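Chemist: Quick one: this structure, given as structure tokens, is what I'll be asking you about.
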Amino acid sequence: MPFKPHEIAYLNSADLGRLATAQRDGTLQNSPVGFTYNDDLGTIDVYGYNLSKSQKFRNVASNPTVALVVDDIFSHDPWRVRCLEIRGTAQQAETSGGEAVIRIAPKRIISFGIDDTDTDPHALVPDSRDVPTTAD
């Protein structure tokens, strides 16, 4: 399982993320998206209205490299940000109900401030790690 339990809980509590994809000409696109953690596959499934007709869906077909960021401001005083960045490979897929999704298989996970609310915010250290593939 690529995600730690506190990261899964954070993903399941979030309503919105931002998905970065690249168009054929290299132009980057960053879009707010809905998503779910797919526990069976250990992936992130991005969904949305008419997703199969969207530019981000087309982008994934030509360049599967993506990044999804889920973050929030846990407190303003002191200023405390929580963040989960998932870099990976995406594919066009369908749910068991036939809905189009962008399915992200994580390759690198960067987690910050999600599981530690006691350490001074400026002393927090990101948990950055590569996700082993089956060939590793």
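The values are calculated or read from the model by the stated rules, or taken from the named source; none is laboratory data. The model shown is predicted, which means the values in this text are computed figures rather than measured ones. Using ideal geometry, Cβ is built from the backbone for each residue, glycine included, and neighbour counts are taken over all protein chains shown. Surface areas here come from the heavy atoms of the whole protein model, side chains and all, with no ligands, DNA or RNA. Shrake-Rupley method; radii C 1.70, N 1.55, O 1.52, S 1.80 Å.
Chemist: Mind telling me which of the residues Ser96, Ser75 ends up being assigned to a loop (DSSP other than H, G, I, E, B), more than 11 Å from the chain's Cα centre (by Cα) and not β-branched (Val, Ile, Thr)? Can you show your working first?
Modeler: Working: Ser75 fails: assigned to a loop (DSSP other than H, G, I, E, B).
Only one candidate qualifies: Ser96.
Chemist: In the range 60-87, which residues are open to solvent by less than 20 Å² (accessible area, probe 1.4 Å) and closer than 17 Å to Gly34 by Cα?
Modeler: Taking the range 60-87 as the starting set, the residues that turn out to be open to solvent by less than 20 Å² (accessible area, probe 1.4 Å) are 60, 66, 68, 70, 80, 84, 86.
Selection gives Val60, Val66, Leu68, Val70, Leu84, Ile86.
Chemist: For the list (1) open to solvent by less than 80 Å² (accessible area, probe 1.4 Å); (2) more than 20 Å from Arg108 (Cα to Cα); (3) modelled with pLDDT of 95 or more, I need the number of the one condition that Ala9 fails.
Modeler: (2)
Chemist: Could you look through the range 123-135, keep only residues that are modelled with pLDDT of 85 or more and loosely packed, with under 11 Cβ neighbours inside 10 Å, and pick out the one that is nearest to Ala67 (Cα to Cα)?
Modeler: Pro132
Chemist: Is at least one residue of the range 1-16 at negative phi and assigned to a strand (DSSP E or B)?
Modeler: no
Chemist: Out of (1) at pLDDT below 95; (2) under 16 Å from the mean Cα position of the chain (by Cα); (3) surrounded by fewer than 16 Cβ atoms within 10 Å (Cβ to Cβ), what's the single condition that is false for Arg108?
Modeler: Among (1) at pLDDT below 95; (2) under 16 Å from the mean Cα position of the chain (by Cα); (3) surrounded by fewer than 16 Cβ atoms within 10 Å (Cβ to Cβ), Arg108 violates only (1).
Chemist: Now for a separate question. Answer yes if at least one residue in the range 43-65 is in contact (Cβ under 8 Å) with a residue 60 or more places away in the chain, within 21 Å of Gly113 (Cβ to Cβ) and not basic (Lys, Arg), and no otherwise. If you could, list the steps in order and put the result at the bottom.
Modeler: Narrowing the range 43-65 to residues in contact (Cβ under 8 Å) with a residue 60 or more places away in the chain: 43-44.
Then drop every residue that is not within 21 Å of Gly113 (Cβ to Cβ), which leaves 44.
In the following step, the residues that additionally are not basic (Lys, Arg) were identified as 44.
Yes, that holds for at least one residue.
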